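Below is one structure; the comments refer to it alone.
The values are calculated or read from the model by the stated rules, or taken from the named source; none is laboratory data. Just so it is clear, the structure is predicted and the values come from calculations on it, not from any experiment. Cβ placement follows ideal geometry from the backbone for every residue including glycine, while neighbour counts extend to all protein chains displayed. For accessibility, only protein heavy atoms count, side chains too; no ligands or nucleic acids. Shrake-Rupley method; radii C 1.70, N 1.55, O 1.52, S 1.80 Å.
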Amino acid sequence: MQDKRTMGGLALLLLLWCAFAQVSFAQQSKKPNVLFLFADDQRADALGSSGNPYIQTPHLDQLASEGSRFENAYVMGGNHGAVCAASRAMLLSGKSLFHVYDKLKDERTFPMDFAEAGYTTFGTGKWHNEREAFENSFQQAKNVYLGGMADHYGVAMRDYDGNGKLDEPTTRGYSTEVFAEGIIDFLNTHARSGKDNPFLAYVAFTAPHDPYSPIAKYIGYYPDGSLPLPGNYMPYHPFEFDQLMVRDELLTDWPRKPEVIQMILSDYYALITHLDEQIGRIIQTLKDNDQYDNTIIVYAADNGLAAGSHGLLGKQSLYEHSTKVPMIIKGPGVPQNETFDAMVYLYDLYPTLSELAGLPKPSQVDGESLVPILNGNEEGVRNSLFTAYRYTVRAVRTPEWKLIRYPERDYTQLFNLRNDPLELNNLAENKAYSSTKEELITMLKEWQKSSGDTAALTTKPIKQLEYDPSTLTRKPDRWQPEYTLKRYFEGVEK
């Protein structure tokens, strides 16, 4: 009798252990959600956690403290002035600039991989690519903008119709808040659905891209004149290259007046702080739905912005302020409160997210998984980094040095980034650094060959470097609202 009781007790214990093991295994094998938050035209240093004491980004700073931040994350460049189009194509395809340029037609994107792995995929915000590529990438959508830029109150947004196709566009309010509402609605709906499958959500904001017109409650949040000029502020760029009249550069006149650059920074920072506020709402929604701990959250931007640095306003250059972007990763498999100085590209995020989520390694990408860096097995995934803009500028950098080459001008810049992070002291003609210059030129050519870049490093005829800024004239584009017309274009014909 005792043996039967003992055997029965052992059987019960075995059943309980098996049940516990099944629950434990299910918890361990549950795939993480992925939330990708993407800003538009945000400099890497326009973030509190990057060491900027003037800007207020508390929710992003908290995200960085709970995850990992990459200090040297870059967009590879662009094949025309709308750098963000090429940036997004590279990010979503995992391919380098010369293998995808700015179109996603017939390309495989990382949302496709996640859908194939059983994820519910959702997209909202700026796409700036082919309509068909979006529809092929996401199963669900709300408040989608296919264009590149617009008045933040006039962004034309689309939803899916009953056939899973984007419908006709309508304007729905201030873009940052409307995009936030789109993802919040998805998160709540997904949580209420009771489905066990994880989600991948892609949220692409149009802020802080110009127009420099914050939502009303944030106008004056950073009073004019309260923010310091960039350390590499200049009244105009010291030489001519490519198109100094590209659209971004027309947002104020020449010379760049210090007080106007400070006005731009006030509005630019206000756009970012408002964006941070909306990201706080999104994060709170994850927490309210018990989704936060099991969600990989990525925050990044498509490219940087000059905003007065080197006498420029836009992103059509290869200086650090225009090519370096913020990159934060938080979630399962990511160490907390870590900062990495490895040189990485935005398009490294495709294989990184695949590995973090336990998906098969993508075979068609140029990007490198950053997981070996995150888990402490490697310090980096490359020893140097290559950037390009149109056929007019090429650059290569190592942890210490950066060389920028202007083929049309037969001109070279050489900066020691450790001693001169603001890129102010050109050492290219200093004979003491001639060997360093030659080594970097060789490295640049090797990068061109491996990337499929056929642009010459010297072209003929050679164009002059000198120009007269007083001859440059401007007019507002069609996207500028009344606020910016009065503030930055007063006296200019509409």
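Under 16 Å from a point placed 7 Å out from the Cα of Ala117 along the Cα-to-Cβ direction: which residues of segment 326-356 have their backbone N that close? Correct set: 330-334, 348-356.
The structure shown yields Rg and Dmax of the Cα atoms in Å, and of the options [x] 22.4, 73; [y] 24.2, 87; [z] 24.4, 105 that calculated value carries the label [z].
Between rounded, prolate and oblate, where does segment 219-262 land on the alpha carbon gyration tensor, with a ≥ b ≥ c its root eigenvalues, rounded for a/c under 1.5, else prolate if a/b exceeds b/c?
Verdict is prolate for segment 219-262.
Helix 434-451 axis versus longest C-alpha principal axis of the chain: approximately 50°, rounded to the nearest ten.
Here the Karplus curve 6.51 cos²θ - 1.76 cosθ + 1.60, taken at θ = phi - 60°, turns the phi angles of segment 268-283 into couplings of 4, 5, 5, 4, 6, 5, 5, 4, 4, 4, 5, 5, x, 5, 5, 4 Hz, with x standing for Gly and Pro. Of the cross-linked pairs Lys402/Lys460; Lys31/Lys195; Lys402/Lys431, those separated by over 19 Å at the C-alpha level are Lys402/Lys460. In degrees from 0 to 90, rounded to the nearest 10, what is the angle of the helix 83-93 Cα long axis to the longest principal axis of the chain? It works out to around 30 degrees. What the chain shows is 42 Å² of accessible area per residue, with the surface traced by a 1.4 Å probe over protein heavy atoms. Taking the 1.4 Å solvent-accessible surface of segment 326-369 as the whole, the part contributed by carbon and sulfur is 40%.
Per-residue Karplus couplings for segment 120-126, computed as 6.51 cos²θ - 1.76 cosθ + 1.60 with θ equal to phi - 60°, are listed in order as 7, 10, 9, x, 8, x, 6 Hz, Gly and Pro entered as x. What part of the accessible area of segment 87-213, given as a whole %, is carbon or sulfur when the probe is 1.4 angstrom? Of the solvent-accessible surface of segment 87-213, carbon and sulfur hold 44 percent. Viscosity 1.002 mPa s, temperature 20 °C: what is the translational diffusion coefficient of segment 172-311 from Stokes-Einstein with a Kirkwood Rh over Cα pairs, rounded to a whole number of µm²/s? Here the translational diffusion coefficient equals 123 µm²/s. Compactness check for segment 180-244: Cα Rg over 2.2 N^0.38 Å is 1.94.
Pairs of Cα atoms in segment 84-170 fall into 10 Å distance bins, from 0 up to the last occupied one, in shares of 18, 48, 30, 4 percent.
Note that segment 398-494 shows a convex hull volume over its alpha carbon atoms of 204 Å³ per residue.
Among the DSSP beta bridges whose two residues both lie in the chain, what percent are antiparallel, rounded to the nearest 5?
Restricted to the chain, the bridges split so that about 50 percent are antiparallel.
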